[in-house]
Each structure stands twice: as C-alpha cells, then as structure tokens.
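A short write-up of the structure that comes next.
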Amino acid sequence: MEETPQRVLVVIPHPDDAEFWCAGTISKWTAGGALVHYVLCTDGGKGSSDREITSEELSVIREREQQDAADVLGVQDLVLLHHPDGELEDNRDFRKQLVREIRKVQPDVVICPEPYRKNLAWHRDHRIVGQVALDAVFPCARDHLHFQELWKEEGLEPHKTGTVLFWGAEQPDTHVDIGEFIDSKVRAVMAHQSQVNGRPSDDMIQFVKEWAADAGAEQDYDYAEAFRKVTFRT
C-alpha cells in the first residue's frame, strides 16, 4: 500500500498495541501529510506483573505513555474511552462510541486488530475491538438510521470509510514499507516504559526491528508492517 490517505482513525485496545503493530505506518503517513487520530478503548490497567501497583495507578501511567507515543508519531489527537482493561463488550454503547469517532474524523482508512484469527491466541479485547470497529464502519457509521441521535443531537453526519486495515492477521495481504521510519517506531514503542521496563533496551529494539524485518521479508523490504485489507464502496 503506497498511497498516503488524508485521514486515518486508529482504534486501539490497549496502550502500546498501535505502536507494536502499526507505528511505522502511522509515522510514514503523518510525514506524508495524513491527519491521524487515535481512539484508545481501554485504560490498560491490568497490564503489569507488579503486585504493588493498583489498576488505577497503572491506568494513569499507561494512558500518559500512550500520549507520549502518539506525540512521537505526529498523531493529531488521542481520545480516551477509559473502559476497564479486559472488560470490553460487543454492545450498543461501545459501538456508538466508535461510530461517533468515525463520524467526527471521517477517515479514509480505519486501522484496528484482526477479529477473526483461528490458529493464534488473541486477547479478548483485541477480538472485540476488531469486530466492533468493523461493525461501526459498516454499516453503522454509514447509514443515518443507525444511531440517529448522533446526527440529530450532535450534528455528526454519516460517513463512508473506504478501507479497513486489520493488524495481526494470520494471512496479511497488504504491506507498508517502513524502512525510513523504523527509528520512529522504536521510539514510540519505547515510550511505553511500564511495558518494556526491566527488559534491556537493546533487546527491545532488536525485537521490534526483527518483527518488522520478518513482516517485510517476502516483499523485499528491510522493514514493513502487515495488514489484511478490507475495502468498501464509497
């Protein structure tokens, strides 16, 4: 995928998910003039092995780290939904929140987790975010009779998104060359110190680069990020 979209919405289950899976793409697109918006669905308040920290304390740290990472990548803004980590549900309230953000941003591309992995373990929040984001794009954000209150009361007109890119797909079909942006990806990942603390920084940097190198190997890219692409008529 070589073209740079104008507007992008990234739907993120937990702080750091976007950085590991698509930060190079985001950095490349913002450098090319794209307006990229983040919506972070959970507070990340369960992601620690530290027995002394509370979920409330951890969520403050992790949401701040997500803002720091977004700043590294040139993200336009970050919307925090503050759902408890591990407790997302596929329901009307969550779907409405994502439809609201889609109608606000009017993205050309939505990036989110693959909801349909069969052979690899996947956090339930990732599965649910992918499914709810897809449903929010099509048909809910598109059709005015879904969530009529959003356009009647908030003035948010329906919007047709042309493309969804799923990260974490078992059989990706779309690759983005991030060779010039691997350092930005590394810096964004390293902004999540609560998640990488205790692991030597050189090891983490090597891990991120090896992951990106594997994603680019079949495309003859030094570094890449891989997605499954779904398109809709607009």
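Since every read-out is calculated from the coordinates, none of them should be taken as a lab result. This one's a predicted model, so the numbers in the text were calculated from it and none came from an experiment. Ideal geometry is used to build each Cβ from the backbone, glycine not excepted, and the neighbour counts take in all protein chains shown.
Things worth noting here:
- Condition met for Phe207 (among the hydrophobic types (A, V, I, L, M, F, W, C), farther than 16 Å from Leu98 by Cβ and in contact with a Leu (Cβ under 6 Å, 6 or more places away or on another chain)): no
- Any hit, segment 207-221, residues being in contact (Cβ under 8 Å) with a residue 24 or more places away in the chain, among the hydroxyl-bearing types (Ser, Thr, Tyr), farther than 26 Å from Asp43 by Cα and surrounded by fewer than 17 Cβ atoms within 10 Å (Cβ to Cβ): no
- Residues of segment 37-68 satisfying the condition of being under 20 Å from Pro113 (Cβ atoms) and basic (Lys, Arg): Lys46, Arg62
- Hits in segment 84-109 - residues which are farther than 26 Å from Val60 by Cα and out of contact with any Asp or Glu (no Cβ under 8 Å at 6 or more places or on another chain): Arg92, Gln106, Pro107, Asp108, Val109
- Members of segment 35-69 that are of a type in the set (Asp, Glu) and either in a helix (DSSP H, G or I) or touching a Gly at 6+ places or on another chain (Cβ under 9 Å) (or both): Glu56, Glu57, Glu63, Glu65, Asp68
- Contact annotation: residue pairs with Cβ atoms under 9 Å, 6 or more positions apart or on different chains, pairing a residue in segment 170-185 that is touching a residue at least 40 places away in the same chain (Cβ under 8 Å) with a partner that is β-branched (Val, Ile, Thr) and part of a loop (DSSP other than H, G, I, E, B), are Ser184/Ile178; Lys185/Ile178.
- Residue list for segment 14-49, filter: farther than 15 Å from Leu73 by Cβ, in contact (Cβ under 8 Å) with a residue 60 or more places away in the chain and buried (at least 24 other Cβ atoms within 10 Å of the Cβ): His14, Cys41, Thr42
- Selection status of Arg124, farther than 23 Å from Ala70 by Cα, free of Cβ contacts under 8 Å to residues at least 40 places away in the same chain and surrounded by 12 or more Cβ atoms within 10 Å (Cβ to Cβ): yes
- Residue list for segment 92-112, filter: of a type outside the set (Asp, Glu) and part of a helix (DSSP H, G or I): Arg92, Phe94, Arg95, Lys96, Gln97, Leu98, Val99, Arg100, Ile102, Arg103, Lys104, Val105
- Leading residue by the ranking (surrounded by the most Cβ atoms within 10 Å (Cβ to Cβ)) among those in segment 182-201 that are over 24 Å from Glu63 (Cβ atoms) and of a type outside the set (Val, Ile, Thr): Asp183
- Among the residues listed as Leu9, Leu78, the single one being outside any loop (DSSP other than H, G, I, E, B) and surrounded by fewer than 22 Cβ atoms within 10 Å (Cβ to Cβ): Leu78
- Selection from segment 26-46 of residues that are within 11 Å of the chain's Cα centre (by Cα) and within 19 Å of Met190 (Cα to Cα): Ile26, Tyr38, Leu40
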